[in-house]
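S.K.: Take a look at the following structure, please.
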Ligand SMILES: O=C(O)CCC(=O)C(=O)O
């Protein structure tokens, strides 16, 4: 359960980092899923950055009976998303970001609502929950956020490499007035951020991967018009608190 100081911080800043929301053993089980099951069960795509560097990710909209489905339906994520959006939520989509050592590319400054507006969501009433699977630092391209940028409203987005980037003139003006914060994270930390929060990340210049699971939830009242959008706009059936650990592979 988030407390009122955390809710206030999220409302003010447009993001909230919760340390150690998931344990190291839970992160270990998720990483095992990334290393041993992801490539076989999900399509891994590439959205090169403006410099042509590879930004690999797997993105899906369904919820399966696997370790990622357990994370999607986990009470610690769904409960926080419900609190932050002040209503019930549904699964919009999930991603595993695979920022590979030395070659993993950047993500340009953008708002997620820059994408999701086009999917028919009338309101930016979605939240992204970024669960760190590796330590995330400036050296390996941790997420950067501009506190308070969620109050700017939706900014026009255009193509930037294979990605969708916010209007660079507006981004520069916002940078001149707002701080840029490097959201450093340890494995198990979760960064919750608003759909209009400006965020970006640099390339991975280190020798270690920077992987993260990002689950996005939409408010149930904000289902897109015109039959568009992602996910299935139905309430989520929660899993028990130990559901991720239940996917631990037996020791060989
Ligand atoms: O993984 C990252 O560094 C960027 C993620 C991101 O920008 C997003 O999911 O919208």
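S.K.: Can you tell me which residue in region 89-126 is surrounded by the fewest Cβ atoms within 10 Å (Cβ to Cβ), limited to those that are in a strand (DSSP E or B) and more than 12 Å from the ligand (Cβ to nearest atom)?
M.R.: Filtering region 89-126 for residues that are in a strand (DSSP E or B) and more than 12 Å from the ligand (Cβ to nearest atom), the one surrounded by the fewest Cβ atoms within 10 Å (Cβ to Cβ) comes out as 90.
S.K.: Specify the residue that is surrounded by the fewest Cβ atoms within 10 Å (Cβ to Cβ); the eligible residues are those in region 164-192 that are under 30 Å from residue 83 (Cβ atoms) and within 12 Å of the ligand (Cβ to nearest atom).
M.R.: My answer is 182.
S.K.: Could you count how many residues in region 49-104 are at pLDDT below 95 and more than 27 Å from residue 207 (Cα to Cα)?
M.R.: The qualifying residues number 0.
S.K.: How many residues, within region 32-49, are in contact with a strand residue (DSSP E or B) (Cβ under 7 Å, 6 or more places away or on another chain) and surrounded by 15 or more Cβ atoms within 10 Å (Cβ to Cβ)?
M.R.: We begin by selecting, within region 32-49, every residue in contact with a strand residue (DSSP E or B) (Cβ under 7 Å, 6 or more places away or on another chain); these are 34, 38, 42-49.
Cutting the leftovers down to surrounded by 15 or more Cβ atoms within 10 Å (Cβ to Cβ) gives us 34, 38, 42, 47-49.
Residues meeting the conditions: 6.
S.K.: Now for a different question. Working only within region 1-48, note down all residues that are free of Cβ contacts under 8 Å to residues at least 24 places away in the same chain, within 25 Å of residue 106 (Cβ to Cβ) and over 17 Å from the mean Cα position of the chain (by Cα).
M.R.: Across region 1-48, the qualifying residues are 35, 39, 43.
S.K.: Condition (residue is closer than 22 Å to residue 138 by Cα, loosely packed, with under 15 Cβ neighbours inside 10 Å and more than 12 Å from the ligand (Cβ to nearest atom)) applied to region 216-224: is it met by at least one residue?
M.R.: no
S.K.: Go through region 127-139 and give me each residue that's in a strand (DSSP E or B) and within 14 Å of residue 208 (Cα to Cα).
M.R.: 132, 136
S.K.: Suppose the filter is over 27 Å from residue 23 (Cα atoms) and at pLDDT 95 or above; does residue 144 pass it?
M.R.: So residue 144 fails the test.
S.K.: Quick check on this structure: which one of 150, 157 is crowded, with 20+ Cβ neighbours inside 10 Å and in contact with a helix residue (DSSP H, G or I) (Cβ under 6 Å, 6 or more places away or on another chain)? Spell out how you get there, then give the answer.
M.R.: Working: 150 fails: in contact with a helix residue (DSSP H, G or I) (Cβ under 6 Å, 6 or more places away or on another chain).
The conditions single out 157.
S.K.: In region 167-224, which strands (runs of 3 or more DSSP E) lie fully inside it and hold 3 or more residues that are out of contact with any helix residue (DSSP H, G or I) (no Cβ under 9 Å at 6 or more places or on another chain)?
M.R.: Those strands (runs of 3 or more DSSP E) span 210-219.
The values are calculated or read from the model by the stated rules, or taken from the named source; none is laboratory data. All of these numbers come straight from a predicted model, not from anything done at the bench. Ideal geometry is used to build each Cβ from the backbone, glycine not excepted, and the neighbour counts take in all protein chains shown.
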